[in-house]
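Below: one structure, written as structure tokens.
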Amino acid sequence: MGTLVRTSKFLSAARDINGIVTITMRRPPLNRMNLEFMSEFSNVLRDLERDNCPGAILTSYSNKVFSAGFDIGELCNPEPERFNDFYTEVQNNWTQLYGSTFPTVAVINGHAMAAGCLLALSCDYRVMIKNRTIGYNEMQMGLATPTWFTATMLNTVGHRHTELGVTLGKMFTTDEALNINLIDCVADSKEEGIQKALSFLEKFTHFLPKSYTFAKHSLRGPFIKQLKENQNEETQLAFRFLKDPEVIKKLEIVKDKEQTQFLTSKVA
Ligand SMILES: CCCCCCCCCCC/C=C/C(=O)SCCNC(=O)CCNC(=O)[C@H](O)C(C)(C)COP(=O)(O)OP(=O)(O)OC[C@H]1O[C@@H](n2cnc3c(N)ncnc32)[C@H](O)[C@@H]1OP(=O)(O)O
């Protein structure tokens, strides 16, 4: 796997002989993202920028779940200060990953739901294992999809697929995701996925890093700028939404096992 360059409670980062870093999410059982998880993620990305990393792969320790998205504990009837910290960290994390100066690949070796899907979409390339699902399922949870989540999908698959995906809270199977270019290729196993990711990243060894960064920022920069300019408003909007009694009630139900099993059967 390479030399371990960083390990924290929920993430590990290992560098191979070519400098490519594999970030493995490990918050059992579902890689749910809470404030601590997001802070660790930001720290890893900051280190990679500082070290002029030539490329990174993002994957999960589990072959069942890439990430179940935000920890519902951070969203259900939140406290103002904690939510502000959490949501700010999430936004910063997205600007770091979506705008990274190095190329990134998501090896999606399990279900990628809501913010888990956003993580994958924020990379430059996606390899997904067969028979998994990916999408923004917020609607099914009684939530709404934040604007920058939507923009990230829109920039990947276009308006119509985003519109249907977001408004239906649709989880796409691996085959469906490939058909609409939500992912770039399919692998039989995580190991094969990593090989495909490395082949993609190998292409960038022939380019000047500054040329790559310029191209990426030409495409993604305006969306990052837009979020940065509206960060506080986005946080307040989300907080107000989450304080709606109907939303709180729905999220409390979702926290029950029965409801998540219902969601699982929908995505299986
Ligand atoms: C105008 C306003 C506009 C903006 C509004 C913004 C609002 C805020 C931002 C909203 C954006 C939201 C992003 C998100 O990421 S929301 C989270 C989405 N995640 C899910 O829907 C995951 C649901 N989970 C599942 O479908 C399954 O658990 C899964 C397929 C992932 C795994 O199935 P499995 O059978 O292995 O596991 P279980 O279902 O038995 O789950 C085990 C226990 O974990 C609990 N669980 C599952 N997911 C979560 C989660 N995301 N957070 C917290 N807890 C979770 C589940 O209930 C089980 O608990 P128990 O063992 O106690 O029963």
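Quick note: the coordinates plus some simple rules give every number you see, no bench work behind them. Since the model is a prediction, treat every value here as computed from it, not as a measurement. A quick note on method: Cβ atoms are made from the backbone with ideal geometry, for glycine too, and the neighbour counts reach across all protein chains shown.
Bridging of LYS255 to lysines at a Cα separation below 30 Å is possible for LYS9, LYS64, LYS130, LYS170, LYS190, LYS243, LYS266, once same-chain residues fewer than 8 apart are set aside. Directionally averaged projected area (the chain, Cα convex hull): 13.0 nm². Within straight-line reach of LYS225, meaning a Cα separation under 26 Å, sit the following lysines at least 8 residues removed in sequence or on another chain: LYS210, LYS216.
Between the listed residues LEU237, TYR98, GLN226, the Cα displaced farthest toward the positive end of the dipole of the stretch 3-267, a dipole computed from Cβ unit charges relative to the Cα centre, is found at TYR98. Specify whether the C-alpha gyration tensor of the stretch 151-238 places it in the rounded, prolate or oblate class, a ≥ b ≥ c being the square roots of the eigenvalues: rounded for a/c under 1.5, otherwise prolate if a/b is larger than b/c and oblate if not. Cα axes put the stretch 151-238 in the oblate bin. Seen from all directions on average, the stretch 33-138 presents a Cα convex hull projection of 6.6 nm². Antiparallel versus total DSSP beta bridges in the chain: what percent is that, nearest 5? Bridges in the chain are about 40 percent antiparallel. Remark: ASP175, ASP188 ranked as ASP188, ASP175, counting other beta-carbon atoms within 10 Å and listing the fewest first.
Measuring spread by the Cα atoms of the stretch 94-246 yields a radius of gyration and Dmax of 16.1, 54 Å.
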